[in-house]
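Just so it is clear, none of the values below were taken in a lab; they were calculated from the coordinates. Note that the coordinates shown come from a computational prediction; the quantities given were computed from them, not determined experimentally. Using ideal geometry, Cβ is built from the backbone for each residue, glycine included, and neighbour counts are taken over all protein chains shown.
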Amino acid sequence: MQSDSFTALPLGPRFLANLATLGYHTMTQVQAQTLPAVLDGRDLIAQAKTGSGKTAAFGIGILHRLNPAWFAVQGLVLCPTRELADQVAGELRRLARGVGNVKILTLTGGVSMRPQIASLEHGAHIVVGTPGRIRDHLGRATLDLSKVQTLVLDEADRMTDMGFYDEIANIVSATPERRQTLLFSATYPDDIRFATAGFLRDPLEVTVEGKHTQEKIAQRFYEIGFDGRDEAVARLLRHHRPVSALAFCNTKARCRELAESLRAEGFSALALYGELEQHERDEILVLFANRSCSVLVATDVAARGLDIADLDTVINVDVSKDPEVHVHRIGRTGRAGGSGMAHTLCAPNEKKWVRLVEEYQDQPAVWEDLDALGGQDEPAAPAPMVTLNIAGGKKAKLRPGDLLGALTGDAGLTKEQVGKINIGEFNSYVALERNVAQAAVERLAAGNPPGPGFGAIKGRWFKMRFVEF
Ligand code: ADP
Ligand code: MG
């Protein structure tokens, strides 16, 4: 395995120091194989599994070329979904601390155009967005891409799956011919190769094999018919008691059924699939990340590319017919040095797919007996946290410190009892330890609230409620 220090790259001391504060000391495999060429200005096609550190591979490339004193969009990153765009923008902002004042703007659907246009008027160095929304801005001439130096197509396979090809071609034609183009993808089938060939100039092709994952991930297979899978998932959860588990099902209907049946058993489970409204997806991801939801039941498409830290368990409720998809699924756990478990349920007639996985990973499957899993008499443990939704966010000038202050002051909680705080434009979420949450919120409501369901934060009343599911 190739793994080098970032100091081997032609990066300035300030940039390197910032990487060190982020805990980035050695390059991941895909970074080591791409960054020298990327910094050299070369076009690139990189294929590597989720969680391999692709964002920094192109992020460092964009920032290296960027001139912060020049107020023009110099970097453009296209992503398939809003969540991915938000994640990429977050990582770019962390990396940009090593450069100085770099404006990074996300342009995605699901929010109105007007504030985006206002932000564009203020100037941005890097735009991260979804193809549909970027095209809308081009159509209205509110976005100028004629100064773009680095164009990134992130999760290119998924963008083409989602039918974004025409938008992408349109956007590419709005960028200068003399630019660097970097294409990142988890898979690289021929149709994408064909569709994107015209965008790239003598690209370096890099493939990082996903075969090394099993070293960090304990994989187990269980034979079970198609009936009784919900109960089998519950057995696995009762036995292993993961804090955060991602369960994959092949269809939206199965996701919903399984999540519902797990909730009936006392687990904090939610379903994530493509057809949800954007705000519902956002809320589910907040709840999963802040440990209010401990089991996320998702389709492959919905879960692809999401950067979920500290995921200790993956459960494949169906065996994937494609061993590469299987390896991507289980690669969601055991990330960035951690270790994880992956459980796969398999019907007798699905064993042929397991054989493909064995061949692909060059390792025999380890089978276990579901009936032998202990810990079944203890009740399911609900997630350790619950989420309080507060009807106020950035627009109301609420900051994380205000919430933390109110909760540890008036509401009497310790810092440790307050979890992740997410402040949105109009809404905020804060995770509270389950067993103390109710009393804390009652204390915030003390005094003279304007109505039921209000609590005080820094002397102002806000409507608040627990997110139930
Ligand atoms: P991908 O896009 O390949 O799915 P990401 O870019 O989202 O992966 O990175 C996955 C995680 O690994 C992120 O949390 C990121 O901060 C972290 N990461 C990336 N590069 C490094 C590195 N060199 N050292 C440590 N952590 C890293
Ligand atoms: Mg990525």
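Observations, loosely collected:
- The simple spin-label model puts a point 7 Å past each Cα toward its Cβ; for A391 and S119 those points are separated by 2.5 nm.
- Added length on full extension, which subtracts the Cα-Cα distance from 0.36 nm per residue, S173 to D144: 9.3 nm
- Note on S5/Q438: beta-carbon distance plugged into 1/(1 + (r/R0)^6) with R0 of 41 Å gives a FRET efficiency of 0.25.
- For region 385-466, with +1 on Lys and Arg beta carbons and -1 on Asp and Glu, the positive-most of I421, V441, M385 along the dipole: I421
- Coil-residue trypsin sites (Lys or Arg not before Pro) of region 368-448, DSSP, other Cβ within 10 Å capped at 14: K397
- Given +1 at the Cβ of Lys and Arg, -1 at the Cβ of Asp and Glu and no other charges, the dipole of region 217-372 around its Cα centre is 160 debye to the nearest 20.
- Stretch gain in nm, segment R399-E358, where the contour uses 0.36 nm per residue and the Cα spacing is subtracted: 9.8 nm
- Restricting region 240-313 to GluC sites (Glu not before Pro) that sit in a DSSP loop and have at most 13 other Cβ atoms within 10 Å of their own Cβ leaves E275, E277.
- More than 20 angstrom apart: percent of Cα pairs within region 217-372: 45
- Only the Cβ atoms of Lys and Arg (+1) and of Asp and Glu (-1) were treated as charged; on that basis the dipole of region 368-469 about its Cα centre amounts to roughly 1200 debye.
- The GluC sites (Glu not before Pro) of region 381-451 that meet both conditions, a loop assignment by DSSP and at most 12 other Cβ atoms within 10 Å of the site Cβ, are E425.
- The chain: calculated mean residue ellipticity at 222 nm from DSSP helix runs of at least 4, using -39500 (n - 2.57): -10500 deg cm²/dmol
- Seen from all directions on average, region 6-207 presents a Cα convex hull projection of 10.2 nm².
- Antiparallel DSSP beta bridges within the chain, as percent of all bridges there, nearest 5: 25
- Distance between modelled label sites at A17 and R220, nm, 7 Å Cα→Cβ extension: 4.8
- Annotation: region 139-294 has a Kirkwood hydrodynamic radius of 19.6 angstrom, from the mean reciprocal C-alpha pair distance.
- Tail beyond 33 Å, pair distance distribution of the chain (Cα, percent): 43
- Taking only the C-alpha atoms of region 263-306, the Rg (one decimal) and the largest Cα-Cα distance, Dmax (whole number), read 10.2, 29 Å.
- Close amide H partners of S5, meaning residues 5 or more places away or on another chain with modelled amide H under 5 Å apart, are M27.
- Inverting the pair-averaged 1/r between distinct Cα atoms of region 378-458 gives 13.0 Å as its Kirkwood hydrodynamic radius.
- Per-residue 3J(HN,Hα) values for region 68-80, derived from phi via the Karplus relation 6.51 cos²θ - 1.76 cosθ + 1.60 with θ = phi - 60°, read x, 7, 9, 8, 8, 6, 9, x, 10, 10, 9, 10, x Hz in sequence order (x marks Gly and Pro).
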